[in-house]
Amino acid sequence: DIYDQARATGRQPLSFEIFPPKGDLTLETAHEVAAELAMLLPDFVSVTYSAGGSGNKRATADVAAMIHDDFDVPTVAHLTCAGATEDSLAAALDDLKHKGVTNVLALRGDRVPGTEPDAGPFRFAKDLIMRLADEGFCVGAAAYPEGHIECTNFKASVAHLKQKQDAGARFFVTQLFFENEYYYRFREAADKAGITVPIACGIMPFLGKAQIERMVFMCGASLPSPIIKLLAKYEDDPAALRAAGIEYACAQLVELQAHGVDGLHVYTMNQPDIARACASALRASWKQGAAAAGSDEAVS
Ligand code: FAD
């Protein structure tokens, strides 16, 4: 699968997330973003899925296929199942197959206010995972180092993750987190629960106060005090705050890399400068590590 391929290179897989055209964003713009990301040689690019609103539900598969075909970069198409019927899912899977998309990140999707996500044949992500695995897709799924926002019991959250692996998930990507300790603790709990597949770390830089507030309320990630201090320090300087957010994410990634985590996944928010900064910080630190190991060997 995509993780085995990436790990054969001897370093942790690095991947990027983008979102497909919606609103003002066109397929051409998505192509330009993808071209810049492809230059950074990621192990894969994942493309989010938007089930609600007037968005084009086929856009995810279109962009995933475009990145694969035009740039020869492996892709993962996200797919949600809340509210899906047997027929709508069959049509979505046909579309993915028709476009040559073989890797899918299987998600339940966020609750849409006023609708009942538990209705229908695909109540949890594991139901979708099972179906996708049966159809021959390489399936990934979401993991939550601080527990999922609707699940107050951390142990239950890990047990639900194990169910996803048992249903056929071959890799996980985490929700964003701002303190690496949460990931380390979670990976340990996952190991104890028998989760053996890679769990890549999803890292999102904070770019502004409104964005961070939205993210924290949506997914329940904890905000550590160094970030709160940065938000206060740069309250009147959005450009400096954005730069500080990217720098913080780079430092987080470099530490995770040194820790030997399973994979690194950057939420780029379609802003290639974020991906560039992260990739170059990781490359510099990796080279430094390799050079230090080389000089140790020379000494011994
Ligand atoms: P599930 O695994 O089904 O979990 C949902 C809730 O049900 C959790 O609280 C879980 O603990 C609980 N649960 C699971 N199994 C059981 C069980 N057997 N019994 C009782 N409770 C159970 N959303 C989008 O709309 N589009 C995207 O492209 C997208 N991409 C994402 C990418 C990543 C890496 C992540 C981390 C999230 C993404 N999301 C996306 C958000 C995701 O859809 C939400 O977090 C959603 O609320 C849960 O999705 P899930 O697949 O984890 O659901």
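Taken together, the criteria exclude Val261 from residues that are among the β-branched types (Val, Ile, Thr), free of Cβ contacts under 8 Å to residues at least 40 places away in the same chain, out of contact with any Phe, Trp or Tyr (no Cβ under 6 Å at 6 or more places or on another chain) and buried (at least 18 other Cβ atoms within 10 Å of the Cβ).
Just one of the numbered conditions (1) modelled with pLDDT of 95 or more; (2) surrounded by 15 or more Cβ atoms within 10 Å (Cβ to Cβ); (3) part of a helix (DSSP H, G or I) is not true of Ala35: (2).
Look at (1) more than 21 Å from the chain's Cα centre (by Cα); (2) modelled with pLDDT under 95; (3) within 16 Å of the ligand (Cβ to nearest atom) and you find that Ala51 fails only one, number (1).
Restricting the first member to the range 66-81 and to residues that are closer than 15 Å to Pro42 by Cβ and in contact (Cβ under 8 Å) with a residue 60 or more places away in the chain, and the second to residues that are of a type in the set (A, V, I, L, M) and surrounded by fewer than 24 Cβ atoms within 10 Å (Cβ to Cβ), the beta-carbon pairs closer than 6 Å and six or more apart or on different chains are Pro74/Ile2. Residues that are in contact (Cβ under 8 Å) with a residue 12 or more places away in the chain, part of a helix (DSSP H, G or I) and among the hydroxyl-bearing types (Ser, Thr, Tyr): does the range 205-223 have at least one? Looking through the range 205-223, none of the residues is in contact (Cβ under 8 Å) with a residue 12 or more places away in the chain, part of a helix (DSSP H, G or I) and among the hydroxyl-bearing types (Ser, Thr, Tyr). Has the range 278-299 got at least one residue that is at pLDDT 95 or above, polar (S, T, N, Q) and part of a helix (DSSP H, G or I)? Yes, the range 278-299 has at least one match.
If you go through the range 41-91 and keep only what is under 15 Å from Leu132 (Cβ atoms), assigned to a helix (DSSP H, G or I) and either of a type in the set (S, T, N, Q) or in contact with a Ser or Thr (Cβ under 9 Å, 6 or more places away or on another chain) (or both), you end up with Thr60, Ala64, Ser88.
Checked against (1) at pLDDT below 95; (2) touching an Asp or Glu at 6+ places or on another chain (Cβ under 8 Å), Pro74 meets all criteria but (1). Residue count for the range 190-246, restricted to those that are crowded, with 17+ Cβ neighbours inside 10 Å and of a type in the set (A, V, I, L, M): 17. At pLDDT below 95 and assigned to a helix (DSSP H, G or I) - does that describe any residue in the range 186-202? The answer is no; no qualifying residue exists.
Taking the residues in the range 132-161 that are of a type in the set (D, E, K, R) and more than 10 Å from the ligand (Cβ to nearest atom) as candidates, determine which candidate is farthest from Lys97 (Cα to Cα).
Filtering the range 132-161 down to residues of a type in the set (D, E, K, R) leaves 134-135, 146, 150, 155.
Cutting the leftovers down to more than 10 Å from the ligand (Cβ to nearest atom) gives us 134-135, 146, 155.
On the way: Asp134: 13, Glu135: 10, Glu146: 34, Lys155: 36 Å.
Only one residue fits best here, namely Lys155.
Out of all the residues in the range 157-165, is one or more assigned to a loop (DSSP other than H, G, I, E, B) and among the basic types (Lys, Arg)?
Here is the first cut: in the range 157-165, the residues assigned to a loop (DSSP other than H, G, I, E, B) are none.
Among the residues of the range 157-165, not one is assigned to a loop (DSSP other than H, G, I, E, B) and among the basic types (Lys, Arg), which makes the answer no.
Quick one: which of Asp94, Asp24 is assigned to a helix (DSSP H, G or I), more than 16 Å from the ligand (Cβ to nearest atom) and either surrounded by fewer than 16 Cβ atoms within 10 Å (Cβ to Cβ) or modelled with pLDDT of 95 or more (or both)? From the options Asp94, Asp24, the qualifying one is Asp94.
Please indicate, with yes or no, whether at least one residue in the range 186-194 is touching a residue at least 40 places away in the same chain (Cβ under 8 Å), hydrophobic (A, V, I, L, M, F, W, C), away from the ligand (no atom under 12 Å from the Cβ) and over 27 Å from Ser88 (Cα atoms). Checked the range 186-194: at least one residue is touching a residue at least 40 places away in the same chain (Cβ under 8 Å), hydrophobic (A, V, I, L, M, F, W, C), away from the ligand (no atom under 12 Å from the Cβ) and over 27 Å from Ser88 (Cα atoms). Return yes when Thr152 is under 18 Å from the mean Cα position of the chain (by Cα) and either buried (at least 19 other Cβ atoms within 10 Å of the Cβ) or not aromatic (Phe, Trp, Tyr) (or both) and no when it is not. Against the criterion (under 18 Å from the mean Cα position of the chain (by Cα) and either buried (at least 19 other Cβ atoms within 10 Å of the Cβ) or not aromatic (Phe, Trp, Tyr) (or both)), Thr152 does not qualify.
The values are calculated or read from the model by the stated rules, or taken from the named source; none is laboratory data. Because the structure is predicted, anything quoted here is derived from the model rather than measured. Cβ coordinates were reconstructed from backbone atoms using ideal geometry, including for glycine residues, and neighbour counts include every protein chain displayed.
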